[in-house]
1. Residue check: is LYS27 assigned to a helix (DSSP H, G or I), charged (D, E, K, R) and without any contact (Cβ under 8 Å) to a residue 24 or more places away in the chain?
2. With respect to ILE37, is the statement that it is out of contact with any Ser or Thr (no Cβ under 7 Å at 6 or more places or on another chain) and not in a helix (DSSP H, G or I) true?
3. Counting only residues that are touching a residue at least 40 places away in the same chain (Cβ under 8 Å) and either buried (at least 17 other Cβ atoms within 10 Å of the Cβ) or among the β-branched types (Val, Ile, Thr) (or both), how many does the stretch 148-164 have?
4. Can you confirm whether ALA315 is hydrophobic (A, V, I, L, M, F, W, C) and surrounded by 14 or more Cβ atoms within 10 Å (Cβ to Cβ)?
5. Give the residue that is surrounded by the most Cβ atoms within 10 Å (Cβ to Cβ), with candidates limited to residues of the stretch 425-446 that are in contact with a helix residue (DSSP H, G or I) (Cβ under 7 Å, 6 or more places away or on another chain) and within 25 Å of ASP359 (Cα to Cα).
6. Within the stretch 334-359, which residues are assigned to a helix (DSSP H, G or I) and either among the hydroxyl-bearing types (Ser, Thr, Tyr) or farther than 23 Å from LYS134 by Cα (or both)?
7. Would you mind finding the one in SER53, SER21 that is polar (S, T, N, Q) and over 16 Å from ALA95 (Cα atoms)?
8. If you scan the stretch 229-241, which residues turn out to be under 26 Å from the mean Cα position of the chain (by Cα) and either farther than 19 Å from ASP119 by Cα or in a strand (DSSP E or B) (or both)?
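The values are calculated or read from the model by the stated rules, or taken from the named source; none is laboratory data. Bear in mind that the values here come from a model prediction, so they are computed numbers and not experimental data. Using ideal geometry, Cβ is built from the backbone for each residue, glycine included, and neighbour counts are taken over all protein chains shown.
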Amino acid sequence: MDNSVYNNPLITRYASAEMASNFSDEKRFRLWRKLWIALAESEMELGLNITQSQIDEMKKYADDINFELAEKYEREVRHDVMAHVKAFGAQAKSAMPIIHLGATSCFVDCNSELIIMRDAISIIKQKLVNVMDKLKSFALKYKSLPTLGFTHLQPAQLTTVGKRATLWLQDLTMDYNNLVNLENSFKLRGVKGTTGTQASFMELFSGDEDKVKELEKRVVGKLGYDKVYGVTGQTYPRKFDYNTLCVLSQIAQSAYKFSNDIRILQNMKEIEEPFEKSQIGSSAMAYKRNPMRSERIGSLARFVISLPVNCAVTASTQWFERTLDDSANRRIVIAQAFLALDGILNIYMNVSENLVVYDKVIAKHIAAELPFMATENIMMECVKAGGNRQELHEKIRVLSMEAGKNVKELGKENNLIDLIKADEAFAAVHSKLDDILDAEKFIGRAPSQTEEFIKNEVDPILEENKAFLGRKGEVKV
């Protein structure tokens, strides 16, 4: 790494080598050559004056990119596609006259960019299902462990640790379905010519529309695809970029929500993200165990969430058949969105498979709040034993206020149960209080909801993607 210049932290710190390689110049320019070969070969098959020896020579140099020469040509002609046409032709000399025949720059630009994005979506999908698999294991393990539920970040009715994890999982199942919809709507630009009319190919094939349509079918088929946009201008519709980044944003939103929940739980000392033996939490406060992984998820997620509006502006300002002010912008925003989300999912995998649960702390927090939550149950038991509901309600209200003062003003433990035990109005339940205060009686259907949700909605996704499971989350630094 050259430390004398700016190095993109998405590459050096966060994204995987797999995702970085996917957006590399090596891959992009190999795809360009693959596209030029597919075009020339299809044109030959349909009768144009192109020879097999020219095709063979192009294939010989398909992966041997002469980058330095291409860079030299680009400095001269200020056009990246023509620079690479010239560089390719310098190697495949006999094929030079027919490379890029009838095509516009966006034949290689757009189709290669779409393929790169499609491959990036696949990487994201594989990591997403691995996060889901790890959260599934966590949810089932803790499906019956009671914990305080929170609304407005205030203690509410109990839930379970596992049931809470299904909320994170449900966000991801929605994201997964959106990702699949994006995959299913994927199309290449195809072979459309300069303004999308295929006029240049109509000229090459002497007005034979069937051959022009067959040319496009053959070219995309050689690349492993079968769907193309029915109509385009010079580029594929930039709304696809917006749709893609919206889905990436949604995954980032889900990860952000998870990371915030973990940070709060770590503050409460109930659940912690992994903390390595030699890890330093603070340069000043040696005792600290900062949730740096979850914070990093949130930090990167904020970036990804901000990006769809950029693509919305690009899509809405494409003048007529196209304008070039999208090019430099898209080189940055699309790759970085995928690289950042890749980094997020790497950390999400790492955190979700290594969460540490402190059940005794959770039980302590329940014990501090459950007496208040149990007051209605206590009152009802007393009524069933012959007590007056209104009188009991007033007594519980007064005792609750006294216990609340003990907690908030005096900093002592919640003594509501002791107060109830000392009050003869509640004598009917004195022997039943331990049973009434059993936390598991307050979690409703949380365990079975967890099991049912995973069986009905998560397991089918994991079964469909079982070949990709088993990945480990990587935290580079």
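1. Against the criterion (assigned to a helix (DSSP H, G or I), charged (D, E, K, R) and without any contact (Cβ under 8 Å) to a residue 24 or more places away in the chain), LYS27 does not qualify.
2. no
3. Summing the residues that are touching a residue at least 40 places away in the same chain (Cβ under 8 Å) and either buried (at least 17 other Cβ atoms within 10 Å of the Cβ) or among the β-branched types (Val, Ile, Thr) (or both) in the stretch 148-164 gives 9.
4. Numbers: hydrophobic (A, V, I, L, M, F, W, C): yes; surrounded by 14 or more Cβ atoms within 10 Å (Cβ to Cβ): yes.
Here the answer is yes, as ALA315 does meet what is asked.
5. Among those residues, the one meeting the criterion is ALA446.
6. Answer for the stretch 334-359, where residues must be assigned to a helix (DSSP H, G or I) and either among the hydroxyl-bearing types (Ser, Thr, Tyr) or farther than 23 Å from LYS134 by Cα (or both): ILE334, ALA335, GLN336, ALA337, TYR348, SER352.
7. SER21
8. Listed by number, the list is empty, since nothing qualifies.
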